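See below for the structure under consideration.
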Amino acid sequence: MIGRMRELTELIEVDDPAWPELQTLFAGSPIPLTVFAPDPHESARGLLQLQVTARSMLGGLTLNCGGLLVDDGWVRVFGGGSGQNGSLPSLAQVNGFPETFEPAWQAGAGLVVAHDVLGGVFALNGMDPAAAGRPGQPGQMIYFAPDTLQWEALGIGHSAWLAWLLSERLEGFYSALRWEGWREEAAAAGPAQGISVFPFLWTKEAKDVSTTSRRTVPMAGILGIATDFAKQIGVEDPGFLGLV
């Protein structure tokens, strides 16, 4: 059942908005972080279609932030889009939101909120993840792992995920997928690019990622290859991984 559409002013003009808390979180992060200013059109379009208020972390990011480059660009968190060529796309663009508000439109299996430079995808589960072939509970975060080509349940909501992402715990999560010089390679990749690894990360030959060959390519190509190979090797089709 579709509820009453809330106008943009209702979503923006709220008590206790999340943006000050987000700014505190950014300032206290121990890892390198770039915060982009938002594109007004894209941030408004995204917030209206999401129908979440600026009181939530998701709403606060979408309205007030063009996106985040975390750990020198290793992770790209999508927000209101920074509105410049070669910069981060908006949450609305990555998820294919309608250009104008459509009450019946839903983000399919879930909402893609971030990519990492290797083609990993962080998504927020929709209302029925099991029906979409995805793990975890409704409204919780999941991760498409580029070394297994499968979704993993993270067991936390969006706000807790954001706090985790901006903490020193991120290093442990990625320890097996990083190599000497990873930071420089990640920083050199543009927001619509990723690092293609060969042999592919899901093969036994890539167990030691430091011995692989790597190059910067369009992120769309990395996601497309991951989807194709997931089908070929018999794991489930990962479904929508975002538009970049």
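The values are calculated or read from the model by the stated rules, or taken from the named source; none is laboratory data. These figures come from a predicted structure and were not determined experimentally. For neighbour counting, all protein chains shown are included, and Cβ atoms are generated from backbone atoms with ideal geometry for every residue, glycine included.
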Just to be sure before I move on: is Ala107 free of Cβ contacts under 8 Å to residues at least 60 places away in the same chain, surrounded by fewer than 24 Cβ atoms within 10 Å (Cβ to Cβ) and closer than 22 Å to Ala153 by Cβ in the structure I sent? yes
Out of all the residues in region 78-85, is one or more farther than 18 Å from Leu11 by Cα, at pLDDT 95 or above and not polar (S, T, N, Q)? yes
Meets criteria (crowded, with 18+ Cβ neighbours inside 10 Å, under 10 Å from the mean Cα position of the chain (by Cα) and β-branched (Val, Ile, Thr)) for Val117: no
Mind checking which residues of region 12-45 are aliphatic (A, V, I, L, M) and closer than 16 Å to Ala92 by Cα? Ala37, Ala44
Out of all the residues in region 22-30, is one or more touching a helix residue (DSSP H, G or I) at 6+ places or on another chain (Cβ under 6 Å), part of a loop (DSSP other than H, G, I, E, B) and either touching a residue at least 12 places away in the same chain (Cβ under 8 Å) or surrounded by fewer than 17 Cβ atoms within 10 Å (Cβ to Cβ) (or both)? no
Given (1) farther than 24 Å from Leu243 by Cβ; (2) touching a residue at least 12 places away in the same chain (Cβ under 8 Å); (3) out of contact with any Gly (no Cβ under 7 Å at 6 or more places or on another chain); (4) not polar (S, T, N, Q), number of the condition Pro17 does not satisfy: (3)
Mind checking whether some residue in region 143-165 is crowded, with 18+ Cβ neighbours inside 10 Å, closer than 17 Å to Asp72 by Cβ and among the hydrophobic types (A, V, I, L, M, F, W, C)? yes
Do we have any residue at all in region 196-211 that's crowded, with 18+ Cβ neighbours inside 10 Å, within 18 Å of Asp72 (Cβ to Cβ), among the β-branched types (Val, Ile, Thr) and under 18 Å from the mean Cα position of the chain (by Cα)? no
